[in-house]
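The values are calculated or read from the model by the stated rules, or taken from the named source; none is laboratory data. All values derive from a computational prediction rather than experimental measurement. For neighbour counting, all protein chains shown are included, and Cβ atoms are generated from backbone atoms with ideal geometry for every residue, glycine included. Heavy atoms of the whole protein, side chains included, go into the accessibility calculation; ligands, DNA and RNA do not. Shrake-Rupley method; radii C 1.70, N 1.55, O 1.52, S 1.80 Å.
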Amino acid sequence: MNGIDERFLTRNGLTARQVAVLLLGHEPDTRLPRVRDFAEQLKVGNGTVQAALHLLEESGAITTQARGHLGTFLVRSDRAILWRLSGLGTLLAAMPLPYSRRYEGLATGLRTAFEQAGAPFAITFMRGATDRVTALVERKVDLVVLSRFAADRLIEGGEPVELVADLGPASYVGAHGILVRQGVQPNRPGLRVAIDHSSQDQSMLVERAFAQRPDIEWIEASYMQLRDLFRQGRVDATVWNLDEVDRLGEDLVDVLPLGDEITRELSLRNSSAAIVGRSEGAHALDAVRDGLDLSLVTALQQEVLRGERIPSY
C-alpha cells in the first residue's frame, strides 16, 4: 500500500488501524480475541470490528482462519504492514554516543532486530543518561538506552516509563575500573578525581569507589575531556568504562579493580543495557517486546566486538 489508502480514513478504517496495533502483539497460529472482545476494548460495534478485520486481510496485513468452536486464528501476519497501518510511525531511540566498539555493536544489533520485527527504527545519539531521559519524558524520543542501574532508578523514581528489555551483562559496557594517572599514588592526600554528573552510572560508581576519602578534590568532567585532563595532569583518578582505556592511551593511566562487594554489584548492573519507553505507549511497547529478538541484538554486538561485522547503524 503506497501513500494514504482512503479506506483507512473511514470509521471502519480507523478501527482497522487500532486493531492493527493490537495484532502486533499476536504471533501466527494463535487464537484471536473474540470480535465482541475487540469491540468492547475499542468501544465500537461488532460489525465495525468485523469490517476492520476484513480490511486488514484485504491489505495483506493478516490472514485469519475460522476453526469452528476453537475460534478464529491468526494464520499469518506481516508486521511491517501492520506497523505502517497502525500509525505508530518510526520509533526513535536515544543511545549514548558510539565512542566504543561495544556501543557500535549495540546500535548495529538494535537496528537490525527492530527492522526484522517490522518496526521502522532510527537512532539519535545523546551524551548523558539524564539528557536521554529528559528527551523521553518530553516525548522527543520513543525509547532510550540506559544501563540497567539507571533504568531501575528511573522507574523507582516514579517517572511514567517502563522497562522494554534488558540485554544482559556486558551489553552496555564490558566492565568498570579505577583509572589512576601513571606516577600517582592512589592513596595520595588531595587526590583530584574526575566525576561526570550527567552520567548517573559514572557519578554513582566514582562516589562509591572513593566514599572513604574525605580529602578528595572533585573535578567535574565529561569522558570527552578525560584524555586531555589526564595528559595535562589536571586530574589524578576516576572510575570509568574499561572499553575506553585504549582510547585514553596506555601511557596515561593504570587500571585498578573496583573495591567492595557493593561497588562490584552495582558495576554489574551498570554493565547491562536496558531499553526503556514511556508507559502510555503500552501497545507500542508490547509490540516491540513481543517482536524483538534480543538474542539477535547481543549476537550482532559480539560479532562487531570480534571484528567479524562492520558496524551499521
Hey, what's the Cα Rg ratio for region 107-146 versus the globular rule of thumb, 2.2 N^0.38 Å? 1.22
Over the chain, what percent of the accessible surface lies on carbon and sulfur atoms, probe 1.4 Å? 49
How long are the three semi-axes of the equivalent ellipsoid of region 216-295, in whole Å, if each is the root of 5 times an eigenvalue of the C-alpha gyration tensor, listed from largest down? 36, 16, 14
Please determine, in degrees from 0 to 90 and to the nearest 10, the orientation of helix 101-116 with respect to the longest principal axis defined by the Cα atoms of the chain, where the helix direction is its Cα long axis. 0
Please give the solvent-accessible surface of Tyr313 in Å², to the nearest 10, using a probe radius of 1.4 Å with every protein chain present. 90
Distance histogram for region 73-119 (every C-alpha pair counted, 5 angstrom bins, percent rounded to whole numbers): 5, 18, 21, 18, 15, 10, 8, 3, 2, 0
Measure nothing fancy, just the Cα-based angle from helix 46-58's long axis to the longest principal axis of the chain, in degrees from 0 to 90, nearest 10. 70
Considering region 176-227, what Rg and Dmax in Å follow from its alpha-carbon atoms? 10.7, 29
I'd like the projected area of region 63-176, averaged over all directions, using the convex hull of its alpha carbons. Report it in nm² with one decimal. 9.6
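Within 10 Å of each candidate Cβ there may be at most 10 other Cβ atoms; applying that plus a DSSP loop requirement, which GluC sites (Glu not before Pro) in region 110-171 survive?
Listed in order of number, the matching sites are Glu138.
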Need one number for region 53-102: average projected area of the convex hull over its C-alpha atoms, nm². 6.0
What span do the alpha-carbon atoms of region 1-147 cover on each of the three principal axes, reported in whole Å from largest to smallest? 56, 29, 28
How are the C-alpha pair distances of region 109-243 spread across 5 Å bins, as whole percents from the shortest bin up? 2, 9, 17, 19, 17, 13, 10, 7, 4, 2, 1, 0
What translational D, rounded to a whole number of µm²/s, comes out for the chain from Stokes-Einstein when the hydrodynamic radius is the Kirkwood one over Cα pairs, at 25 °C and 0.890 mPa s? 112
For region 5-18, in order, what is each residue's ³J(HN,Hα) by Karplus, 6.51 cos²θ - 1.76 cosθ + 1.60 with θ = phi - 60°, in whole Hz (x at glycine and Pro)? 8, 4, 4, 8, 9, 7, 4, 5, x, 5, 5, 4, 5, 5
So, for the Cα atoms of region 122-191, Rg and Dmax in Å stand at 16.6, 48
Once the Cα atoms of helix 261-271 and of the chain are each reduced to a long axis, what angle between those two axes, in degrees from 0 to 90 to the nearest 10, is obtained? 50
Nearest-20 debye value, the chain charge dipole, Cβ charges on Lys, Arg, Asp, Glu: 560
Note on region 1-81: alpha-carbon gyration tensor, axes a ≥ b ≥ c; rule is a/c under 1.5 for rounded, else prolate if a/b larger than b/c, else oblate; result oblate
Taking only the alpha-carbon positions of region 249-313 and ignoring solvent, what does the Debye formula give for the base-10 log of I(q)/I(0) at q = 0.12, 0.23, 0.29 Å⁻¹? -0.61, -1.04, -1.12
Go through Ile123, Ile62 and list them by solvent-accessible area, largest first, probe radius 1.4 Å. Ile123, Ile62
Determine how large the accessible area of His197 is when every protein chain is in place; take a 1.4 Å probe and give Å² rounded to the nearest 10. 100
